[in-house]
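Right, one structure below, let's go through it.
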Amino acid sequence: MGASDPEVAPWARGGAAGMAGAGAGAGARGGAAAGVEARARDPPPAHRAHPRHPRPAAQPSARRMDGGSGGLGSGDNAPTTEALFVALGAGVTALSHPLLYVKLLIQVGHEPMPPTLGTNVLGRKVLYLPSFFTYAKYIVQVDGKIGLFRGLSPRLMSNALSTVTRGSMKKVFPPDEIEQVSNKDDMKTSLKKVVKETSYEMMMQCVSRMLAHPLHVISMRCMVQFVGREAKYSGVLSSIGKIFKEEGLLGFFVGLIPHLLGDVVFLWGCNLLAHFINAYLVDDSVSDTPGGLGNDQNPGSQFSQALAIRSYTKFVMGIAVSMLTYPFLLVGDLMAVNNCGLQAGLPPYSPVFKSWIHCWKYLSVQ
C-alpha cells in the first residue's frame, strides 16, 4: 500500500495507506459534484461573433429535455431513469467494496501481517505495509471470498437512499435555469452563477448525507468486526435496534459532522478552483490546427483545445481536493466505530474520543 518509516506509529501509517482509497471516498462526493460545472466556457462556434456579421441577439435558453430535474428525468421516464441510476450505483459500490473494506481496516490500525523491511529509492530503510492484494488475500483466507463483502448490504442501501433523496429534492426544488457565460468580460456574473449552483448542490448533498449516514455507521461497524471477530452487528434491522438501545438517536449520527465538512469543502474547493482555472488560465486562442486557422478557414476547431482542457479541469480538481479533504473522512470513519463495543474502537487500537475534534487533535499529534 505504501512505505513508511519504522518509527511511524500505526495510526499514521494507517492514515497514509488509507490515502490510496481517497479516490474511492471522493467518488461518493465526486458524484455529487459532477453535476456542477464551471460556467466560464465559450459558447459553440455558431454563437460566436463573426468578423463580418454582428452577434445574434441573445435568445432565452431552452429548458432541458428532462424538465430540469438534474439528470434523473421527469415525466414518464423518471422512475425508469432513477432506477437505472440506483442500479449503476449499486454495481459500482459492490465492485469497489473490497477496496474500501481494506482501507477501513488499515485506518483503524489493524495490521495482522507484519510490515516488511526494505529500502526506498533514496536507500533509506523503510517498512512496507502489505499491498491491497496481500491484505485481500488474507481476508479471503480467514473469511472466504464472501468475507470481502462484509458490510456491503447497508452500503448499498445507503447509496440507494442518497440517490433517491437527491432525485426527489431536484424534483421538489428544481434548479434555476442558468445561461452559460459567453466570454471573460462576464466573469463576475459567471462567479455568481457558480456560487449559486454550488450552494444548491451543497444543500442536496448535506440532506442526502444526513439521511444516509445511519446506514453508513452500520456498514462501518459491520466491517470492523473483522478485527475482533465479533458478531454484534449482523443485519441492518438488528443493528438499528442495538444502536438505538445502547446509544440512542445520536448513535446513528456519530461522525456526521466531519463528513459534512468534508463534503462542503470538497464541493466549494473543486468548483471554485475549476472556475478560476478555466476562466484565467485556459487560453481561448489555442487552436489544434497546424496554422492556427481562424473562423473563416476552420471555425469548428479553433476553440476545441480550450474546451477539451476545460472538460478535464473539474476531474483533476476533484482528485486534488479529495486528497485535501481525506482527513475529514478519516476522522468521520473512526468516530463511527469508536467506543461502540467493538475491539477496533477501543484501546489499544484507538483511544476513546470525547468528540471528533478530540480525534482530529489526536491524529494531528500522531
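The values are calculated or read from the model by the stated rules, or taken from the named source; none is laboratory data. Please read these numbers as outputs of a predicted model, since none were measured by experiment. In this analysis, Cβ positions are derived from the backbone assuming ideal geometry, glycine residues included, and neighbour counts consider all displayed protein chains. Quick note on the areas: whole protein, heavy atoms, side chains included, nothing else; ligands and nucleic acids left out. Shrake-Rupley method; radii C 1.70, N 1.55, O 1.52, S 1.80 Å.
Listed values, structure above:
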| item | result |
| --- | --- |
| Qualifying residue in the range 302-310 (condition: at pLDDT 90 or above and surrounded by fewer than 21 Cβ atoms within 10 Å (Cβ to Cβ)) | no |
| Test: Pro115 is of a type outside the set (S, T, N, Q) and either closer than 30 Å to Met210 by Cβ or touching a His at 6+ places or on another chain (Cβ under 9 Å) (or both) | no |
| Close pairs (6 angstrom Cβ cut-off, 6 or more residues apart or separate chains): closer than 13 Å to Val331 by Cα and open to solvent by less than 50 Å² (accessible area, probe 1.4 Å) in the range 348-362, part of a loop (DSSP other than H, G, I, E, B) and among the hydroxyl-bearing types (Ser, Thr, Tyr) anywhere | none |
| Positions within the range 268-283 being outside any helix (DSSP H, G or I) and either modelled with pLDDT of 75 or more or buried (at least 16 other Cβ atoms within 10 Å of the Cβ) (or both), in sequence order | Leu281, Val282 |
| Output for the range 202-247, where each listed residue is open to solvent by 10 Å² or more (accessible area, probe 1.4 Å) and hydroxyl-bearing (Ser, Thr, Tyr) | Ser234, Ser238 |
| Residues (within 27 Å of Val236 (Cβ to Cβ), among the hydrophobic types (A, V, I, L, M, F, W, C), surrounded by fewer than 13 Cβ atoms within 10 Å (Cβ to Cβ) and without any contact (Cβ under 8 Å) to a residue 40 or more places away in the chain) located in the range 105-161 | Ile146 |
| Val164 being within 23 Å of Leu88 (Cβ to Cβ), part of a helix (DSSP H, G or I) and open to solvent by 50 Å² or more (accessible area, probe 1.4 Å) | yes |
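Per-residue answers, yes or no, for (1) in contact with a Cys (Cβ under 8 Å, 6 or more places away or on another chain); (2) in a helix (DSSP H, G or I):
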site	(1), (2)
Leu329	no, yes
Gly332	no, yes
Met335	yes, yes
Cys340	no, no
Ala344	no, yes
Tyr349	no, no
Cys359	no, yes
Tyr362	no, yes
